[in-house]
Structure formats: C-alpha cells, structure tokens
1. Residues of segment 126-145 being among the acidic types (Asp, Glu) and either within 20 Å of PHE166 (Cα to Cα) or at pLDDT 95 or above (or both), which ones?
2. Quick one: which of LEU222, LEU177 is within 20 Å of the chain's Cα centre (by Cα) and free of Cβ contacts under 8 Å to residues at least 60 places away in the same chain?
3. Among the candidates ARG15, ARG55, ARG11, which residue alone is of a type in the set (Lys, Arg) and modelled with pLDDT of 95 or more?
4. Considering each residue of segment 273-291, count those that are assigned to a helix (DSSP H, G or I) and at pLDDT 75 or above, and give that number.
5. Using the structure shown, decide if LEU241 is part of a strand (DSSP E or B), at pLDDT 90 or above, closer than 25 Å to PHE193 by Cβ and not basic (Lys, Arg).
6. Hey, any hits in segment 187-200 for a residue that's part of a strand (DSSP E or B), open to solvent by less than 50 Å² (accessible area, probe 1.4 Å), β-branched (Val, Ile, Thr) and at negative phi?
7. Does TYR90 meet the test of being aromatic (Phe, Trp, Tyr) and open to solvent by 30 Å² or more (accessible area, probe 1.4 Å)?
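The values are calculated or read from the model by the stated rules, or taken from the named source; none is laboratory data. Keep in mind that this is a model prediction, so the values were computed, not measured. Here the Cβ positions follow ideal geometry from the backbone for every residue, glycine too, while neighbour counts run over all protein chains shown. With ligands, DNA and RNA removed, areas are computed over all heavy atoms of the protein, side chains included. Shrake-Rupley method; radii C 1.70, N 1.55, O 1.52, S 1.80 Å.
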Amino acid sequence: MSCWRCITEQRTVWRWIEKEAIGKMRIQKSFADDKTGMLYLVATPIGNLEDITFRAIRILKEVDLIAAEDTRQTRKLLAHYDIHTRLVSYHEHNKHASGPELVRLMEEGLKVALVSDAGMPAISDPGEELVRLAIESDIPVVPVPGANAGLSALMASGLSARGFRFAGFPPREKGKLQALLMEWKRERDTLIFYESPHRVVQTLEAIRQVMGNRSIVLARELTKRHEEFARGTVEESLAFLKEHQPVGEYCLLVSGADDREAEEPDSDWWKELSVDEHVKRYMDSGMDKKSAMKQAARDRGVPKREIYSQLLE
C-alpha cells in the first residue's frame, strides 16, 4: 500500500511540475476523452457538392448538432448526403446570443459541428468567435479540413505559391483599402482577396493606383460547371470587366512585388510638407483621418501618437 501511495504521490508531483512548466499555455488533446463536448470545424463544398471528404460526412452524421451560417444552404448539402442531424443557425447577426448557448451545450457534453456556406469555417467567417469561446471554456476544437477557395485559386493561378498573404475580404472604405495596399506594396508574396461582384472593379482600381499594373488572376465559380480563371494585368482585367459584367464571388490574386518594387526606397515627396499637410494629402486622396495619420507615421518612421500630438499643436 505504501508503495502504491508513493507512485500516486510521484504522479501528482509530475502533474504539478508539468502544469508549472506549461504555465498559461492551453494544451488540447483532441481525442483524449470521447465523452466530453467538442466543436468540430467541418469544411463544406465551395461549389461542386463532391468537394467534401468522407470524414466530414461521417462527422456531420455523428454529431448532436450542426451550427450553420445559412441553414437553407446547408440543408441542400445534408439532403444530398442523407444527413438528418439537427440544424441550428449561427451567423454574424446572432453570434452574440447563439455562441454562448452553443458553448453551454458543449459543456454539457454535446458534440457540435460548425459549417459555413462554403469552404472552411472560421476563415473570414463569424465562426472564429465561436472558436475563441470554445477554447476559453476548455472545449476541444477539432478541424475537419477540406476545400478552400483561396488555396484552390492560388494553386491554379500560375502566380507564385511559394509565399502568400491571405487578406480575406478587403476593407470597404477607400481610405482603409488604400492604406492596406500601401502596407503590402513591397511584399514579394502573392496576395489573395475575396471580393463581391459589386466591388471587384473598385478594388482593382485601388490596386492599380497603389501597386501599379500588376499581374493578377480573377477566379470565380470555383469547382462549378462555369469555373473561370481570367489571367492578365490589372488594366486588362478592368477592360475585361467592362465588357463582361462581374458575376459571382471572386477570388482575386495579385502578384507580389518584383525585385525593383520590393527594394525601391520610400519616396520622399512628403519631406517638404508639414505633418498637417502630409496627413491632409492622404485624406484628399480618399483616406479617413485615422488611416491618413497611420500612413504618414509610416512614411516618417515615427509612432502614430507623435503625428497625433503634432496635429494638436
């Protein structure tokens, strides 16, 4: 008995040492206890209904609940694969109420699958907040990977795939969009954006203004019957879209900076301007005041608070 007590005490000590070593790190053993609640992030088709894995279909059948961004869209998928799991709504407009309730159910032991309209949930998607809530409640979060529009477009784009930046949906405001493009102007990596048909021309015009006539790819209807890749320059793409009205959601891929662009020193056009004139110049180009101050601070190599202080003088 004393020997058993020693072993037990030793295990307790080692657990304490491990906990101390880990500190505030959260260590997830995804399948250590099959009886606990769990959040599965299940990738769904991006176009063709066959864009789904055997594992994803099995998980959707086995979980207690499926939380969907658009239940009408998800019902089509579930009907196609004869899945009868209970379906609930989780989207941008109800996430603050639905999120805590889903976490409560998982804390009680339910297994929940989160799906988006298409592709991988929590990527440019309100699901990322549910992921954070689950992690904060020590609920295992398990990825069930599959199709992704950005990566599908990248691998068929013909642009460099050695490095890339995924930007999701770019800012709607012109100033914020320009500030983002200015920040990435000298990046050598391919840039990946998602864009709506109503805004793709505006975004292309901002890219031309800030980055020049880069090589780009417009990909739409991915994995569907009418899949289309339009490859060319920014100016060629704008001309193409004048003749062919934008239809459907786009993956917009922009080539990275070449050696000349990446190594080009910052322009010193602003050096003869006061801080106030510098900020105003950016605001006149369409930036909001916050973005203009941020860009002026980046140009001058100073903290934004220094720009703010000088504007108050």
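1. Initially, segment 126-145 is screened for residues among the acidic types (Asp, Glu), giving 128-129, 136, 138.
Within segment 126-145, GLU128, GLU129 qualify.
2. Result of the check over LEU222, LEU177: LEU177.
3. Working: ARG15 fails: modelled with pLDDT of 95 or more; ARG11 fails: modelled with pLDDT of 95 or more.
Just one listed residue meets the conditions, ARG55.
4. Qualifying residue count, segment 273-291: 12.
5. Values: part of a strand (DSSP E or B): no; at pLDDT 90 or above: yes; closer than 25 Å to PHE193 by Cβ: yes; not basic (Lys, Arg): yes.
No, not satisfied.
6. Yes, there is a match, as at least one residue in segment 187-200 is part of a strand (DSSP E or B), open to solvent by less than 50 Å² (accessible area, probe 1.4 Å), β-branched (Val, Ile, Thr) and at negative phi.
7. Working: aromatic (Phe, Trp, Tyr): yes; open to solvent by 30 Å² or more (accessible area, probe 1.4 Å): no.
So TYR90 fails the test.
Residue by residue, here is whether (1) farther than 20 Å from GLY158 by Cα; (2) surrounded by 14 or more Cβ atoms within 10 Å (Cβ to Cβ); (3) hydrophobic (A, V, I, L, M, F, W, C); (4) in contact with a Phe, Trp or Tyr (Cβ under 9 Å, 6 or more places away or on another chain) holds:
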site: LEU204; (1), (2), (3), (4): no, yes, yes, no
site: GLN209; (1), (2), (3), (4): yes, yes, no, no
site: ILE216; (1), (2), (3), (4): no, yes, yes, no
site: GLY232; (1), (2), (3), (4): no, yes, no, yes
site: LYS280; (1), (2), (3), (4): yes, yes, no, no
site: ALA296; (1), (2), (3), (4): yes, yes, yes, yes
site: TYR308; (1), (2), (3), (4): yes, yes, no, no
